[in-house]
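Below is one structure, written out as structure tokens; the observations come after it.
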Amino acid sequence: LVAGVALCAAGFVASLVTLYNGFVTLGLGGGTCASGGPFVVAHQCSSGEVRQLLVGLGGVWVCGGACFTAALGGPASAVGLLMWVGPFGLLGFGFLHGSGGLVAGIVFLLLAAGGLVPPLAGLLDWLANAGNPEPVAPGPMIVRATGRVPPAPSTVTTPGQVTNAAVPRRIVPPGRE
Amino acid sequence: MSRLTGVLWMIASLAGAGAGVALGSLLSRALT
């Protein structure tokens, strides 16, 4: 199990690095992956960059899925959050560093920061409790079920007919009385 | 998860991540 964790973490990070390298190389070169239309792309992206992007992206999904599955019995939520924060943060940094996409970079970094909110909130809770474990049960029980249900009040509508007031015997729609 | 398993998990994932950085640079070089 531990070897599997190391293996999938290595695969996930390697895919992230590959994705980042492809992304930044493409951005720094000013390349664009597009063709056709009335405009001609000045710096067409190379096939190596496309390979890096595709392998990186596929690897992030495959290795991330493997890591998440391996973590299902344990820290699955933490692994899931790392898988969220890693790609978004790295691509946000890549936007700022490589292709000059300021708005996209900030948006991606904000998205990555969103994945950090739950663990930070947990940390703040933990600090507020001064590190003490949270109480599991809120003290002794005050109200306890007896197992007996009191009967509902009954009314006598017609002579000889006893009707439970809570449950009408016949539903009469309005206007049909 | 016991404390020992958690520590092993953390060490393994950090080691894997470190190896992943080196592996990733090799992979990107191989793909270009």
Legend entry - Condition met for A:Pro75 (surrounded by fewer than 10 Cβ atoms within 10 Å (Cβ to Cβ) and modelled with pLDDT under 80): no
Legend entry - Options A:Phe88, A:Phe95: the member that is at pLDDT 80 or above, buried (at least 18 other Cβ atoms within 10 Å of the Cβ) and over 15 Å from the mean Cα position of the chain (by Cα): A:Phe95
Inset, instruction - Among the residues of the range B:6-32, write down those that are at the interface with chain A (Cβ under 7 Å from one of its Cβ atoms), surrounded by fewer than 18 Cβ atoms within 10 Å (Cβ to Cβ) and in a helix (DSSP H, G or I). - result: B:Leu8, B:Ala15, B:Ala19, B:Val21, B:Ser25
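Of the residues in the range A:111-139, how many are more than 17 Å from A:Gly80 (Cα to Cα) and either exposed (fewer than 10 other Cβ atoms within 10 Å of the Cβ) or at pLDDT 75 or above (or both)?
Residues that pass the stated criteria total 14.
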Legend entry - In the range A:5-27, the residues that are surrounded by 23 or more Cβ atoms within 10 Å (Cβ to Cβ), more than 12 Å from A:Gly94 (Cα to Cα) and of a type in the set (A, V, I, L, M): A:Val5, A:Ala9, A:Ala10, A:Val13, A:Ala14
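The values are calculated or read from the model by the stated rules, or taken from the named source; none is laboratory data. Everything quoted here is computed from the prediction, not taken from an experiment. Please note: Cβ atoms are built from the backbone with ideal geometry, for glycine as well, and neighbour counts cover all protein chains shown.
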